[in-house]
Amino acid sequence: MWARQTGGDFTLDGSKLFVNDAHIADCMLVAARTGGSGAEGITLFVIEAKRAGISVAPLKTMDQTRKLCEVEFAGVKATAADVVGQVGQGWRTLSDVIDRGKVMLSAEMMGGAQKVLETTVEYAKVRVQFGRPIGSFQAVQHKCANMMVDVEGAKSAVYYAAWAVSNDAPDARTAAAVAKAAASDAYRRTAADGIQVHGGIGFTWEHDMHLYFKRAKSSEFTFGDANFNREIVAQLIGL
């Protein structure tokens, strides 16, 4: 996204993919490059969604419970009054918001993983096969145990990250990346194992497990997947 500056006015051109709920938004926080390179030269704007030149197209995605859109800007006019902060200095604010977004999404993912674990354990207690509850079989027990290890381990990372970003801790950015990496791995594995334990019913529309699996996959790539965030951690610790 580019914003060309002429005097005190700006013209925005470009597109943004995978924008949450853009089709019902009244305003949008837009990050656009006004110059420079890398972190320098990013400016934030608050733009009304109905401003001339903006078009919004809903996307077909895996998780249809979370609506994503493509937003196109074609010669959208903005003024200095639309700028958040200072021109060219928006990256610091944006990166802080992204860190907090990572932690909030990681917390949601942990809630989903916890629910998958609880649902799967309860199902393993009541589903009978070969005259016994399937939870009595070691293979199923190991899957449930692995799910719990994933959930509890990632929770620790998320809880610390929530404290770190709330208190502006020196390692807040690292903690946010660690939390997102841990939550992405944990939710993906937990949702997949949950479907495995449920067997055929886990793949059907009549059961909720497929909804958790789809949400796990879509959330995994929001704010970067586990590998992306591990790379951030590596850079932050000087590797």
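Each residue in the range 145-185 was checked for being within 18 Å of Gly101 (Cβ to Cβ) and assigned to a helix (DSSP H, G or I), and 24 pass. Going by the structure shown, is Arg66 within 18 Å of the chain's Cα centre (by Cα) and either outside the structural domain of Tyr187 (by TED's automatic domain parsing) or surrounded by fewer than 16 Cβ atoms within 10 Å (Cβ to Cβ) (or both)? So Arg66 fits the description; yes.
Residues in the range 78-100 that are among the small types (Gly, Ala, Ser) and part of a loop (DSSP other than H, G, I, E, B) were compared, and the one that is farthest from Ala157 (Cα to Cα) is Gly88.
Entry remark, the range 183-236: residues being of a type in the set (D, E, K, R) and surrounded by fewer than 16 Cβ atoms within 10 Å (Cβ to Cβ) number 3 in total. Against the numbered list (1) loosely packed, with under 15 Cβ neighbours inside 10 Å; (2) under 16 Å from the mean Cα position of the chain (by Cα); (3) at pLDDT 95 or above, Ser95 comes up short only at (3). One residue stands out in the range 51-60 among those that are touching a residue at least 12 places away in the same chain (Cβ under 8 Å) and part of a loop (DSSP other than H, G, I, E, B): the one that is farthest from the chain's Cα centre (by Cα), namely Ala52.
For the range 25-42, the set of residues classified as within 13 Å of Ala57 (Cα to Cα) and free of Cβ contacts under 8 Å to residues at least 12 places away in the same chain is empty. Scanning the range 123-170 for residues that are in contact with a Gly (Cβ under 9 Å, 6 or more places away or on another chain) and under 21 Å from Tyr187 (Cα atoms) returns Tyr123, Ala124, Gln141, Lys143, Cys144, Met147. Within the range 107-118, is there a residue that is closer than 30 Å to Gln235 by Cα, among the charged types (D, E, K, R) and part of a helix (DSSP H, G or I)? Scanning the range 107-118, I find at least one residue that is closer than 30 Å to Gln235 by Cα, among the charged types (D, E, K, R) and part of a helix (DSSP H, G or I), so the answer is yes.
Every condition in (1) touching a Lys or Arg at 6+ places or on another chain (Cβ under 7 Å); (2) in a helix (DSSP H, G or I); (3) not aromatic (Phe, Trp, Tyr) is met by Asp63 except one, and the failing one is (2).
The values are calculated or read from the model by the stated rules, or taken from the named source; none is laboratory data. Keep in mind that this is a model prediction, so the values were computed, not measured. Virtual Cβ from ideal backbone geometry, glycine too; neighbours counted across all protein chains shown.
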